[in-house]
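Read through the structure below, which is laid out as structure tokens, and then see the notes.
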Ligand code: CP
């Protein structure tokens, strides 16, 4: 068995080393073949209880954590805020402590507040995985993105990656801006000023011109505009967004000849990405990202619960 993951929780890419990330990616690899098999049942998490507490909507992350836990044999319960005492005013921490009293072995949390997963981890006795906190981090998304890139190119080191769109409000960008340079990628951020971070991390270049930003890129990662997180008036001031920042086949011709297109989803077809490009299996790896998300989450569940399994 490889060295255990040396962290009690997975709260962000912040604080992880390249070795930690490569351990998760390596552990995820065999689960891809397993998930393509006819019988998808392992029992290493048998007898353990996994709670998925999603305070914000999700399709990919919630379902893949549920499927991952079940394929590993865990008892998986989904906490639904709209049908819970959150509606009666119960706080996040009281909710976390209440769930903790039922002795779960792992809690997966998504919440609209930055830092929510860190807060919850400080009040419970089991590992916590951050499935997205406000505009903070979404570490398992960055990990599945990295696995997708590594499988396509055989490496991440030395690749040119452009993340395009609403970077300022995106926790996917937040985690990828930490992970990808750590593994040796050259990272560029592309978007209008209002959607770029106030100060890009050291070594990361920002572009407001889409064609300049994706020129020669090996990977073009598109992000939706997070309208639910925009300050008043910003969306209206973006103008013809598709014309300036939408990824079209013609625009992609300026990237590297074998460039791949990524998107964490959900997509807004015809806004940040053309539908025919999103559906092109030669260029788009969007559904591979979804597929590998299950494998990455299986690896995370396995690694974080090893010490509890003896
Ligand atoms: N990528 C992502 O987090 O998608 P969901 O919101 O559907 O989980």
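Bear in mind these aren't lab numbers, they're just calculated from the coordinates by the rules spelled out. Every value quoted in this text rests on a predicted model; they were computed, and no experiment measured them. Neighbour counts run over all protein chains shown; Cβ positions are idealised from the backbone, glycine included.
Sort out for me the Cα centre separation of region 94-125 from region 191-231, rounded to whole Å. One Cα centre to the other: 32 Å. Packing around the peptides 194-207, 68-81, 275-288, taken as the average count of other Cβ atoms within 10 Å per residue, puts them in this order, highest first: 68-81, 275-288, 194-207. Please report how far the C-alpha centroid of region 236-310 lies from that of region 1-49, rounded to the nearest whole angstrom. Result: 22 Å between the Cα centres. With the contact rule set at Cα under 8 Å and sequence spacing of 6 or more, what percent relative contact order holds for the chain? Result for the chain is 20 percent.
By the gyration tensor of its Cα atoms, with a ≥ b ≥ c the square roots of the eigenvalues, what is the shape of region 253-292: rounded for a/c under 1.5, prolate for a/b over b/c, or oblate? Oblate, because a/c is 1.5 or more while a/b does not exceed b/c.
In this calculation the C-beta distance from residue 122 to residue 267 is compared with R0 = 35 Å, giving a FRET efficiency of 0.50. Over the chain, dividing the summed -39,500 (n - 2.57) contributions of all DSSP H runs of at least 4 residues by the number of residues returns a 222 nm mean residue ellipticity of -11000 deg cm²/dmol.
For region 260-310, the relative contact order is 36 percent, taking Cα pairs closer than 8 Å that sit 6 or more residues apart in sequence and dividing their mean separation by the residue count. Over region 72-209, calculate the relative contact order: mean separation of alpha carbon pairs under 8 Å at least 6 apart, over the residue count, as a percent. Dividing the mean separation by the residue count of region 72-209 yields 16 percent. In this simple spin-label model, placing a label point 7 Å from the Cα along the Cα-to-Cβ direction at both residue 276 and residue 102 gives a separation of 5.0 nm. Spacing of the modelled spin labels on residue 227 and residue 194, each 7 Å from Cα toward Cβ, amounts to 1.4 nm.
Between 296, 219, 271, the GNM of the chain built on Cα springs shorter than 10 angstrom shows 271 fluctuating the most.
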